[in-house]
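To start, the structure under review is shown below, and the notes come after it.
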Amino acid sequence: MKIILFFYLILLSFFVHSTSFDGYYFLSDKEDCDKYLIIQIKTDFFKIYTLENNQKNKNLFLQGKLEILEDDLNKYLKMNQIEAIYYNSSFVIQNYGNSMNDYTYFNFCQTKYLSFYKSDFDNNEADKK
């Protein structure tokens, strides 16, 4: 009986602490971008799509293996060279650096910090966007 209880507690702790990253994440409407960004995460892979204004077809911008990193306080998503901090079904990407660390991920966005939010609807509905 103790063994069953022990395995039950281990299994329960796994589900309580695990986070499902799978889904579609949409760029906040308040971001200043010439194109709309959608990020799809599925298991340990990601795809980043762009949409032109008033366009229905998604264009693949970048794809690759997703890495999930954790420290004592935060969870991070690493998508190739792009790193994001994850919190409460959303994440933030620093889009460009400074004079000491010059880089730009999305040159069609003027906002320094891009906020992405997980959609509340299913993937089939997201494919229509």
Query - segment 102-120, subset aromatic (F, W, Y) and assigned to a strand (DSSP E or B), residue farthest from F21 (Cα to Cα) - result: Y113
Report task. Determine if segment 99-112 includes at least one residue that is farther than 15 Å from K35 by Cα and in contact (Cβ under 8 Å) with a residue 60 or more places away in the chain. Result -> no
Query raised in the report: Consider E31 against the criteria (1) at pLDDT 80 or above; (2) crowded, with 16+ Cβ neighbours inside 10 Å; (3) out of contact with any helix residue (DSSP H, G or I) (no Cβ under 6 Å at 6 or more places or on another chain): it satisfies all of them except one. Which criterion is unmet?
Result: (1)
Query raised in the report: Residues T43, T111: which one is touching an Asp or Glu at 6+ places or on another chain (Cβ under 8 Å), β-branched (V, I, T) and at pLDDT below 85?
Result: T43
Query raised in the report: Does segment 72-85 contain at least one residue that is closer than 15 Å to Q40 by Cβ and modelled with pLDDT under 90?
Result: no
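The values are calculated or read from the model by the stated rules, or taken from the named source; none is laboratory data. Remember, predicted model here, so these are calculated numbers, not experimental data. Here Cβ is always computed from backbone atoms with ideal geometry, including for glycine, and neighbour counts include all displayed protein chains.
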